[in-house]
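Structure record follows, encoded as structure tokens.
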Amino acid sequence: MNILFVASEGVPFVKTGGLADVIGSLPIELRNHGIDIRVVLPKYGMTAPELCKKMSVQKCFAVTMGWRYQYCSVLEAKQDGITYYFIGNEYCFNRSELYGYKDDVERFAFFSKAVLKSLPYLDFKPQVIHAHDWQSGLLSVFLKNHHSRDRFYRDIRTVFTVHNLYHKGLFPKEYLEDLLELDPALFSIDGIEFYGQLSFLKGGLVFSDYITTVSPTYAQEIKTSYYEEKLEGLLQKRSNRLKGIINGIDYSRYNPATDPNIFVQYTNSMSAKAENKIQLQEMLNLPKDKKIPVIAFIGHLVEHKGLELITGALKDILVKDVQLVFLGTGSWKYESYLQQVARHFPDKISVNIQLNDSLARKIYAGADIFIRPSKFEPCGLSQMIAMRYGTIPLVRETGGLRDTVTPFNQLTGEGNGFSFKNYNPQDMFNTICQALECFKDKETWKVIAKNAQAEDFSWKGPAQEYIDIYRGLLEEKAGYCWDGFDYVRKEGAYKIS
């Protein structure tokens with residue numbers, strides 16, 4: 001099969017979050033399954049020069065954006081055995097940040113249009129285009145509304161993956177006809193209208209042939225009103241075309257036995273992990289003591305990641321004999337509060353307001369507990385990475401956190417972490433106390449760490465699930481149809497092998 005990934009970021013070219021990790025690792029596993037997989041990204045100005053040197057221009061053309069034309073270059077490069085294409089436009093993508101501009105509506109509408117226009121010029125015709133998140137949500141809209149009569153595009157199927165339903169790509173409706181060149185009839189409840197605005201994400205949900213999201217639990221949660229995303233009606237309607245597939249992590253990148261970023265490489269050696277802890281404490285100016293449990297938070301310092309629970313219980317946590325390490329950026333409210341507390345308790349808290357992958361690896365290797373008390377979490381890669389390094393996750397039971405973290409059972413010795421259900425600081429604090437009690441018993445802690453490191457969060461299984469979806473869509477095109485549970489023919493059921 002020929003599969004084309006379309007996304008706004010991907011490792012190693014550019015990264016702001018977990019989406020980039022997925023785009024950098026899932027294609028490699030799909031290739032290992034015999035898929036001809038290629039990836040399209042914007043060519044950002046912030047891409048490292050050594051990576052830009054690998055790129056060669058393949059084609060240049062103009063893309064219509066209403067009454068205007070935008071120049072587009074298509075570049076190609078090889079990375080880790082995968083062919084990458086890049087949509088180049090200095091005005092749209094040569095900026096200091098990836099997102100957050102007033103003209104994002106134009107930037108990413110141009111990106112989707114340019115991807116589709118580039119296809120006839122490539123030496124590769126995709127059978128399935130797999131788009132990711134709101135930045136490429138309009139691709140299936142343009143495909144079915146601008147190219148439906150073109151024989152070249154007619155048989156291309158589309159998959160749309162929602163990595164986070166919270167980010168909807170909302171813009172004023174005035175752009176619909178002028179900039180996007182779409183029929184006004186599409187601005188409706190059955191189209192891309194969302195409470196008086198355009199939604200790129202909703203476009204992907206409505207017009208794609210199949211929808212996936214990044215964990216089974218999250219796929220069920222987004223069909224309810226609990227998270228107040230106001231798309232549950234649409235997702236319920238399309239539930240027979242919606243599947244949750246847990247993300248994987250790149251085991252070659254996140255491997256404590258070979259990771260060059262950590263202080264001491266190790267497999268399942270608790271003594272080597274303890275040495276990483278001592279050197280991490282020294283690096284962060286915390287008292288060096290193997291007996292003090294280190295609790296780490298790595299990620300966006302924002303409310304939905306559970307920062308309101310952490311700050312709400314911080315006074316109680318500080319009473320305990322623990323050290324806290326924070327790494328990430330986010331809301332000024334939480335950044336400034338944590339920094340202020342750290343000034344008063346320099347021996348107990350290290351706050352690092354930065355994005356630093358090398359430091360993150362050192363924290364994964366040196367910490368004892370990784371905390372992620374999210375309000376919602378589509379998948380979460382950090383808890384899986386932490387377990388890979390033998391660091392025990394403590395999470396709230398939501399989304400991918402629920403699917404990957406099994407509470408430790410002291411009677412059976414089963415489980416890989418700690419979890420709580422209700423979104424409140426007291427339940428979180430009680431679970432922290434439970435984890436700290438287990439930490440005191442070194443043999444028990446070794447069992448939990450062993451269980452965590454034994455988990456398989458590689459891409460092998462998830463990649464096969466995606467392949468089954470691609471194959472099903474192509475079989476459907478050949479005369480099969482989806483009945484909500486399986487692909488069937490008129491004369492009887494057909495089971496995808």
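The values are calculated or read from the model by the stated rules, or taken from the named source; none is laboratory data. Since the model is a prediction, treat every value here as computed from it, not as a measurement. Note: ideal-geometry Cβ built from the backbone for every residue, glycine included; neighbour counts use all protein chains shown.
Below, the figures for the structure above:
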{"item": "Meets criteria (over 27 Å from Leu26 (Cβ atoms), without any contact (Cβ under 8 Å) to a residue 40 or more places away in the chain and assigned by TED's automatic domain parsing to the domain that holds Thr217) for Lys288", "result": "no"}
{"item": "Residue satisfying condition, being touching a residue at least 24 places away in the same chain (Cβ under 8 Å), of a type in the set (Ser, Thr, Tyr), within 20 Å of Asn276 (Cα to Cα) and surrounded by fewer than 17 Cβ atoms within 10 Å (Cβ to Cβ), within set Ser331, Ser358, Ser382", "result": "Ser358"}
{"item": "Enumeration of residues in the stretch 86-117 that are among the hydroxyl-bearing types (Ser, Thr, Tyr) and either outside the structural domain of Arg157 (by TED's automatic domain parsing) or buried (at least 20 other Cβ atoms within 10 Å of the Cβ) (or both)", "result": "Ser112"}
{"item": "Filter result for Ile469 (over 21 Å from the mean Cα position of the chain (by Cα) and assigned to a helix (DSSP H, G or I))", "result": "no"}
{"item": "Qualifying positions in the stretch 68-113 - among the aliphatic types (A, V, I, L, M) and closer than 18 Å to Leu51 by Cβ", "result": "Val74, Leu75, Ala77, Ile82, Ile87, Leu98"}
{"item": "Enumeration of residues in the stretch 118-142 that are buried (at least 24 other Cβ atoms within 10 Å of the Cβ) and part of a helix (DSSP H, G or I)", "result": "Trp134, Gln135, Ser136, Leu139, Ser140, Val141"}
{"item": "So Arg238, is it free of Cβ contacts under 8 Å to residues at least 40 places away in the same chain and among the charged types (D, E, K, R)", "result": "yes"}
{"item": "Search result, residues across the stretch 41-81 that are touching a Leu at 6+ places or on another chain (Cβ under 9 Å), of a type in the set (A, V, I, L, M) and either under 30 Å from Glu29 (Cα atoms) or not assigned by TED's automatic domain parsing to the domain that holds Val22 (or both)", "result": "Met46, Met55, Val57, Val74, Ala77"}
{"item": "Search result, residues across the stretch 219-236 that are at pLDDT below 90 and over 20 Å from the mean Cα position of the chain (by Cα)", "result": "Tyr226, Glu228"}
{"item": "Count of residues meeting criterion [surrounded by fewer than 20 Cβ atoms within 10 Å (Cβ to Cβ), touching a strand residue (DSSP E or B) at 6+ places or on another chain (Cβ under 6 Å) and not basic (Lys, Arg)] in the stretch 210-241", "result": "1"}
{"item": "Qualifying strands (runs of 3 or more DSSP E) (wholly inside the stretch 1-87; at least 3 residues being farther than 15 Å from Asp123 by Cα)", "result": "56-65, 68-79"}
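Condition check ((1) basic (Lys, Arg); (2) more than 26 Å from Arg361 (Cβ to Cβ); (3) touching a strand residue (DSSP E or B) at 6+ places or on another chain (Cβ under 6 Å)) across all residues:
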site	(1), (2), (3)
Ser382	no, no, yes
Ile385	no, no, no
Arg402	yes, no, no
Val405	no, no, yes
Trp445	no, no, no
